[in-house]
Structures are given as C-alpha cells and as structure tokens.
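Colleague: Dumping the structure here so I can ask a few things about it.
What follows is calculated from the coordinates using simple rules that are stated; it is not laboratory data. Bear in mind the structure is a predicted one, so any value in this text is a computation, not a measurement. Here the Cβ positions follow ideal geometry from the backbone for every residue, glycine too, while neighbour counts run over all protein chains shown.
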Amino acid sequence: MQRMIAGAVVAAMTVLVAATPAQAQAADPLQALKAKLGAGKGVKFTDVTSLLQDSEKTTFLRRTGKAQFGKSGIVASDISADVRSHTGGIFDYMQNVTSGRTIWMGKKSYSTAPFFSAVPEGKKWVREPIATTGGWTGTYSQLVNPAEPATLKVLLKGKKQGRSYSGKLTYAALEKVSPWFRASLPLGRGDKTVLEYELTLGPDNLPRRLVTAHLAASHVAENVAVGDGKISTETRYTGWGAKVRISAPPKGQTAG
C-alpha cells in the first residue's frame, strides 16, 4: 500500500514538473502572441476615436476591422471606418477624413475613400499611391498595434498593474519597431509627438484592450491653434488566431 502511495506521489510530481515550463511559457504575453501567429490566421478589432477637450468627450470615428498574420506579424488588414462630422477646433481641419473601407496588403492598399484622390465614376476602389492601413482615418485612429511582437515588447515595458501596462512613447520610437505605425502615419517620420497608452491583457495573456492618446495639435501646422485637446482611441481585440484571409478587391472595380 505504501509503495502504491509513493508511486502516485512520484507520478503527480512528474506531471507538475513537466507542466511548469509550458505554464511559464503561456504566462509570457510575447509567447502567447507568437503562438497565434501564422499564415491564414488573424485577429478582429474595433476602434472608437474621440476628442477629449474641456472635460468633454466627442466621438468622431468608429472602425471595425481584421488583421491577417504571417509567421512573424501582420501582413494585411481590412478596415471599415464610420466618420461623424463635427465643427470647431481640430474638426475644421478634418475635411479629408471620410467614411470608407481600406484594404492594406503590405506594399499595396486599396480604398473606397482614397488619401489623395476621388473614386472615378464606374469604380468602387482606388489603389493608393502610398500604401496605408486606413488613409486619413488611419492617421487619426489606432497607430499602435500590439499584434506585432516588437511593438508588444515595447508596450510591456510600461508600468504594470494587474493585467494592465501603461506608459508613454514618442512617434519616432514607435516608428523604429512598428511596420503598422509606418503604414498608418506614412508622413510622420521622425515625429517627436508623445503618445500615452494603457494596454490590458485578457486571462489568456493576449491583448484585450488598448487605449492611446496624443495631442490633437499634432495634426495641424505649428502656427495653428486648436487648443490642448487630445485624440484618444480605444481598441478592443477578439478572435486571436482565428482564420482570416484578406484579398485585394476585384480588378474590374479598381482604378489606379
């Protein structure tokens, strides 16, 4: 009987020892993310962007989208944007920010609300001369993407409280590590704008919610006064590792 008990104890200890490395790996957010990457996989997300000024919150942009992964990060995205018009302050300088859909595929992007032109009659899409994740809406929406391992690594250096990490980054620092940032703000190279962030992980240690904020004044020339309000974007992520396949729109519907 004692031998049977001793054998059971040894077996249980063996299972615990064997499980420890796997548990430790699962507890690492970077490893948890990398385990979801791979061709044909992806993640869904929603963005809500608002102006925070004078104790008021004015929401002007909502986006829904999905990102497709490769072996090491994001290779494509498909985002639909819904823009609400407002006037006064920074909103008077946002005439180019319009509702539409943008498909980004690395070095190519296609949009129903093009960055620099209009959609010709008889077409639904324009191939953009500069590949961006969301045209003008991308410059105002989520510039940070924790689905990139290098970006997530930087975010995890922030102050930790429970499952949340918070801190500050300059655009210039983000540009160095993030292809998503470079494709979302292609004209902002070397920008010293400071971005505040708070990233919250789910029980699976994958990004669940990300809130970022930066001064609205960074969107206009230095001599233009738009107040000290901030542009804040809240992004929520679901379906990590789900099947995602993003394709270019039909050639017959595309100009450029």
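Colleague: Along the charge dipole of the chain, pointing to its positive end and built from +1/-1 on Cβ of Lys, Arg, Asp and Glu, which listed residue (V244, G162, P129) has its Cα farthest out?
Modeller: Selected residue: V244.
Colleague: Taking only DSSP H segments of four or more residues, each worth -39500 (n - 2.57), what value at 222 nm results for the chain once the sum is divided by all its residues, to the nearest 500 deg cm²/dmol?
Modeller: -6500 deg cm²/dmol
Colleague: What are the aspartates and glutamates whose alpha-carbon lies under 16 Å from the alpha-carbon of K243, with same-chain residues fewer than 8 places away excluded?
Modeller: D78
Colleague: Which angle from 0 to 90°, rounded to the nearest 10, does the C-alpha axis of helix 2-26 make with the longest principal axis of the chain?
Modeller: Tilt of helix 2-26: around 20 degrees.
Colleague: Just want the ordering: I79, I246, from fewest to most Cβ atoms lying within 10 Å of their own Cβ.
Modeller: Ascending number of Cβ neighbours within 10 Å: I246, I79.
Colleague: Moving on to the next point. For K168 and E121, what does the FRET efficiency come to when R0 = 51 Å and r is the distance between their Cβ atoms, rounded to the nearest 0.05? Show your work: numbers first, answer last.
Modeller: Details: r = 46 Å, r/R0 = 0.91.
Between K168 and E121 the formula returns 0.65.
Colleague: Follow-up question, since we're still on this one. Using alpha carbon coordinates only, what is the Rg to Rh ratio of the range 117-217, with Rh defined as the Kirkwood radius?
Modeller: 1.05
Colleague: Can you return the lysines within cross-link range of K153? Criterion is Cα-Cα under 20 Å, with same-chain partners fewer than 8 residues away left out.
Modeller: K34, K36, K71, K168, K176
Colleague: I've got another one for you. Tell me which aspartates and glutamates have Cα within less than 19 Å of K192's Cα, excluding those fewer than 8 residues away on the same chain?
Modeller: E175, E222, D228
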